[in-house]
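Undergrad: One structure coming up, written as C-alpha cells, with questions to follow.
The values are calculated or read from the model by the stated rules, or taken from the named source; none is laboratory data. Bear in mind that the values here come from a model prediction, so they are computed numbers and not experimental data. With ideal geometry, Cβ positions are generated from the backbone for all residues, glycine too; neighbour counts draw on all protein chains shown. What goes into the accessible areas is simple: the full protein's heavy atoms, side chains included, and nothing from ligands, DNA or RNA. Shrake-Rupley method; radii C 1.70, N 1.55, O 1.52, S 1.80 Å.
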Amino acid sequence: MHCARIRTALSARLDGEELPPGLTGRRLEEHLSGCADCREWQARARALAAGIGRAAAPGEGDTASVDALLARLRPGSAPG
Ligand SMILES: [Zn+2]
C-alpha cells in the first residue's frame, strides 16, 4: 500500500468524504500503526482542518481552501 493512496484517503476522511474504493477505515488505521510518516501527515492535516473549521462560518462549506492547504502537505511540493 502506497503512502500517497493512504494520504488521499485520510484527506477524504478528514473532509467527511467517502474513502476511495478498496480502502476502509480499518485499512487506514493498520497503515498508520506501522507508518510514522503518515501518522505525522495526518496530525498536520487534522490541525490545519481544525484551524480552518474554527475560522470558517458555520454552514459555509468552503472545502476548496482545505484542499489547497492539504496539497501543500503532499510530498514534492515543499521541502522538509
Ligand atoms: Zn504511510
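Undergrad: Which of the following residues is open to solvent by less than 80 Å² (accessible area, probe 1.4 Å) and either within 12 Å of the ligand (Cβ to nearest atom) or within 18 Å of residue 67 (Cβ to Cβ) (or both): 46, 27, 7?
TA: 7
Undergrad: Taking helices (runs of 4 or more DSSP H) that do not extend beyond the chain, which have at least 2 residues that are at pLDDT 95 or above and of a type outside the set (Gly, Ala, Ser)?
TA: In the chain, 3-14, 25-34, 36-55 are the helices (runs of 4 or more DSSP H) which contain 2 or more residues that are at pLDDT 95 or above and of a type outside the set (Gly, Ala, Ser).
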